[in-house]
Ligand code: SF4
Ligand SMILES: [Zn+2]
């Protein structure tokens, strides 16, 4: 902070402000984009380079209890991919679940400056915040798992909708979360309470509750809409990963009924019915999903593309991880959280010769290439579920470079490819579209008005890439990365360390709701109500993003 | 007793891995003493009673009284000079202090190891091998209708594991508490815990692995030879009955202790138990949980894991974390005489390590941080007196089930916290080294060799 910068001669991609590859100056003052910089400001000559806002990852798994279990369970994955310290930065290890320091530096090293951890149990919030505090450079936040919450279920079941909404707001606020997350709604109760069963349709009864996933999802969309959260309900649909799940996904999307709703890693929810003689090999459902999203402006999604190679399945969807464990090898982790969630972890490898994996890869690419609105179908691999975030440059090349894509297509399972629509798609993404799906779009979906753009007053999170016909190379190692106006990476090297901010929301609620919540704690939690809310010490650098009513109230 | 009493509700006991957060404390503020700890078990009561403020020098350097600042300078000089330094302990302090301890090890290219390497290290290794189905303690309270304690004596070591979490408490689907649960205890001898069990399996010493493997075979429907009884002391009929119960319960939980992990078989034992848990999930829901001893050993595992990727025994001398139990674990490093300086954080290895390791401790500069005088602090070159976590110092502690809890200190101590001392040491070492110490060998070369 404090220092000034003037970036000159670079081709600027700032889609939020309609700037598409113009050569123009970008000025920085006091950590923000400014109209001008003082004459003595440091100059960066970006001739032959592309200037973009810092990347924004709307959905990844980088911190918290399940991530740390996934880290701990794979020493072999860290050993070959070390992250040495420098004079100014900490050491760490990589692999598909890097240590916290390696995570922050590697995101920054790709030009990303914001990332959202997509699934934290409320009880695990304190842990997640401690890890995020040790995740350098980037700004970060997390989505809190509320879709299997027993007390919220009880309120919903009893039709106590106002209390339901207040309790939801309470849970988001006291955990310092950014958005409410639903994962396989209803699944945990069956998993934990009914001998590892699972939900199979939106109309299944959820164990002992007089509720169905349909009712739960609608309830959350309703409440979150009323709260005016900057990012709406973030949904991991039922039947994720299952052949034929496209029907469930479309049904779930319809439940939004015009209200903003975000669908996570839809690739995993875009499988058509089984093909040919096989009972399980899915066809592609990408076209149906893409069409629905294209024609429903209230719906947004991140793709959750699959990239071949090492990954880690880590999810609140415990039955899914259990199912995948038969393909994953020897290790399986399951972790139940009282009254709140389940969790499953399986180390996994996507293989291009395997029908299902090739289909998943194709479906992800199809979703990108069929999307007509890059602002609402944004970039993700559901790191590390579909692949590590370090594969992003390759995914960008797959989208931007038809010939590269074709060459890759020749190497994958051809039966799967035949049954996908990928062969028919010749579209190539432009740099402007890449800037939308990797920064401007996610920032807008998150309601982060000062991110993903380079207008005056925006956060000075800027990435400068050297132009290169090989887009994978270009996006792999930016020449400069600026965070909050500070030059963190210069000539591809870290110059200083930096601590980013926690981004969270604090929706208002009727304080009377605590009288409803507290007795439940005394009966069914093993931590005292008074010790549950996370205090400000866990967010030493933070920014509260206002809800719609708060923003309206604050206006003069 | 004075009139100057303070009430501190919802405080947390850090004496054992149960980390009970329902301590309602009464503090005599004149005497700086906790006079009452409501809800605490006998161990917790003793913990709170014994931690008043003792009159000790802030620091001792070579046995001579010194200020904290002088101690920091001496400690920093020792660590900056050392070629193969080790930071050990960590499990009886806050996560905030643990984070700084790992940072120092990283900066100087030393080794960091925790007491996990001498207690549940084998469970950590087993976890890396087969994974684990596990749960927060509240799930066990709310759902577990069958609980199996293996190789532990909670009645004497973790009393409230029975009363607050796993045996007697009523839960959401366990409305009648104890009556709704089948409780099994497996051990090599009768202990104070035995009477709590519906079923007690007395196994012959050093045969836990065989019992577990036989159970796995039976769960999978394989034949087990009746000679198992001669080997293990447990008859085939008993094992078959147990398996039938395990398969038919609704939610089962194993809670296993050092009687399993530190006896013959070690990580094979933990691995067999975790694999059995996985196997049982074919039939019904099962979880397993190592019962951890020290108050924040689980925090230490978590902190070291998120900062390095590995849970304990991590070396940074090549510029990045490497994990190798046996090579980078403290007993081994000391016994082989490799360590040339050691910082011991809230632990007393001089009291319980093997002789060869203690002999080496006497030969090298030791830096100790402890609220009390210990055998370790007595042989230290620099001994800091610190405030006690949970009693005088706030911060974060992880329960044995990975649930993080914020401490509510009862009264202030004149002594600094571990975190404060470590932060000062870190800053001073950084100044002495001019930043992180970066090894001369190119990392790529080192990684390949
Ligand atoms: S069970 Fe452990 S944490 Fe709980 S009160 Fe007793 S000693 Fe303290
Ligand atoms: Zn995800």
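Residue A:325 passes all but one of (1) in the same structural domain as residue A:249 (by TED's automatic domain parsing); (2) surrounded by fewer than 24 Cβ atoms within 10 Å (Cβ to Cβ); which number fails? If we test residue A:325 against (1) in the same structural domain as residue A:249 (by TED's automatic domain parsing); (2) surrounded by fewer than 24 Cβ atoms within 10 Å (Cβ to Cβ), just (1) comes out false. Any residue in the range B:294-312 that is buried (at least 19 other Cβ atoms within 10 Å of the Cβ), in contact with a helix residue (DSSP H, G or I) (Cβ under 8 Å, 6 or more places away or on another chain), assigned by TED's automatic domain parsing to the domain that holds residue B:414 and assigned to a strand (DSSP E or B)? Looking through the range B:294-312, none of the residues is buried (at least 19 other Cβ atoms within 10 Å of the Cβ), in contact with a helix residue (DSSP H, G or I) (Cβ under 8 Å, 6 or more places away or on another chain), assigned by TED's automatic domain parsing to the domain that holds residue B:414 and assigned to a strand (DSSP E or B).
Just one of the numbered conditions (1) in contact with a helix residue (DSSP H, G or I) (Cβ under 9 Å, 6 or more places away or on another chain); (2) farther than 30 Å from residue B:307 by Cβ is not true of residue A:140: (2).
Matching residues to (1) over 22 Å from residue A:521 (Cα atoms); (2) within 16 Å of ligand 2 (Cβ to nearest atom); (3) out of contact with any strand residue (DSSP E or B) (no Cβ under 6 Å at 6 or more places or on another chain):
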residue	(1), (2), (3)
B:9	no, no, no
B:22	no, no, yes
B:30	yes, no, yes
B:40	no, no, no
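When every residue of the range B:57-66 is checked against the conditions, none turns out to be within 30 Å of residue A:100 (Cα to Cα), touching a strand residue (DSSP E or B) at 6+ places or on another chain (Cβ under 7 Å) and more than 16 Å from ligand 1 (Cβ to nearest atom). Among the candidates B:70, B:65, the residue that is surrounded by fewer than 21 Cβ atoms within 10 Å (Cβ to Cβ), in the same structural domain as residue B:328 (by TED's automatic domain parsing) and part of a strand (DSSP E or B) is uniquely B:65.
Can you tell me which residue in the range B:313-361 is farthest from the other protein chains (Cβ to nearest Cβ), limited to those that are on the phi > 0 side of the Ramachandran plot and either in contact (Cβ under 8 Å) with a residue 60 or more places away in the chain or buried (at least 19 other Cβ atoms within 10 Å of the Cβ) (or both)? I'd like the intermediate steps shown before the answer.
Step one: list which residues in the range B:313-361 are on the phi > 0 side of the Ramachandran plot, which gives B:313, B:319, B:326, B:337, B:346.
In the following step, the residues that additionally are either in contact (Cβ under 8 Å) with a residue 60 or more places away in the chain or buried (at least 19 other Cβ atoms within 10 Å of the Cβ) (or both) were identified as B:313, B:319, B:346.
Working: B:313: 11, B:319: 4, B:346: 19 Å.
Selected residue: B:346.
With respect to the conditions (1) within 14 Å of chain A (Cβ to nearest Cβ); (2) surrounded by fewer than 23 Cβ atoms within 10 Å (Cβ to Cβ); (3) within 16 Å of residue B:259 (Cβ to Cβ), residue B:123 falls short on a single one, namely (2). Residues in the range A:171-190 that are closer than 18 Å to residue A:119 by Cα and assigned to a helix (DSSP H, G or I): A:171, A:172, A:173, A:174, A:175, A:187, A:188, A:189. Screening residue A:103 on (1) touching a helix residue (DSSP H, G or I) at 6+ places or on another chain (Cβ under 9 Å); (2) assigned to a loop (DSSP other than H, G, I, E, B); (3) within 14 Å of chain B (Cβ to nearest Cβ) shows it passes everything except condition (2). Taking residue B:53 as meeting all but one of (1) more than 16 Å from ligand 1 (Cβ to nearest atom); (2) in a strand (DSSP E or B), write down the number of the exception. Against the list (1) more than 16 Å from ligand 1 (Cβ to nearest atom); (2) in a strand (DSSP E or B), residue B:53 comes up short only on (2). Of the strands (runs of 3 or more DSSP E) lying entirely inside the range B:87-174, those carrying at least 2 residues that are more than 16 Å from ligand 2 (Cβ to nearest atom) and outside the structural domain of residue B:437 (by TED's automatic domain parsing) are B:131-135, B:146-150.
Against the conditions (1) away from chain A (no Cβ under 14 Å); (2) modelled with pLDDT of 95 or more; (3) surrounded by fewer than 20 Cβ atoms within 10 Å (Cβ to Cβ), residue B:431 satisfies every one except (1).
Kindly indicate which of A:442, A:384 is farther than 20 Å from residue A:311 by Cα and within 16 Å of ligand 2 (Cβ to nearest atom).
Values: A:384 fails: farther than 20 Å from residue A:311 by Cα.
Result: A:442 is the single residue among A:442, A:384 that is farther than 20 Å from residue A:311 by Cα and within 16 Å of ligand 2 (Cβ to nearest atom).
Just to be sure I understand the filter: pairs with C-beta atoms under 6 Å, separated by 6 or more residues or on different chains, first member in the range A:109-131 and more than 12 Å from every other protein chain (Cβ to nearest Cβ) and closer than 20 Å to residue B:138 by Cβ, second member assigned to a loop (DSSP other than H, G, I, E, B) and more than 16 Å from ligand 1 (Cβ to nearest atom). Which pairs pass? Listed pairs, sorted by first residue: A:119/A:316. Each residue in the range A:190-232 was checked for being within 14 Å of another protein chain (Cβ to nearest Cβ), buried (at least 24 other Cβ atoms within 10 Å of the Cβ) and over 19 Å from residue A:269 (Cβ atoms), and 1 of them qualify.
The values are calculated or read from the model by the stated rules, or taken from the named source; none is laboratory data. Quick caveat: nothing in here was measured; it's all calculated off a predicted structure. Positions of Cβ are generated from backbone atoms using ideal geometry, with glycine treated the same way; all protein chains shown enter the neighbour counts.
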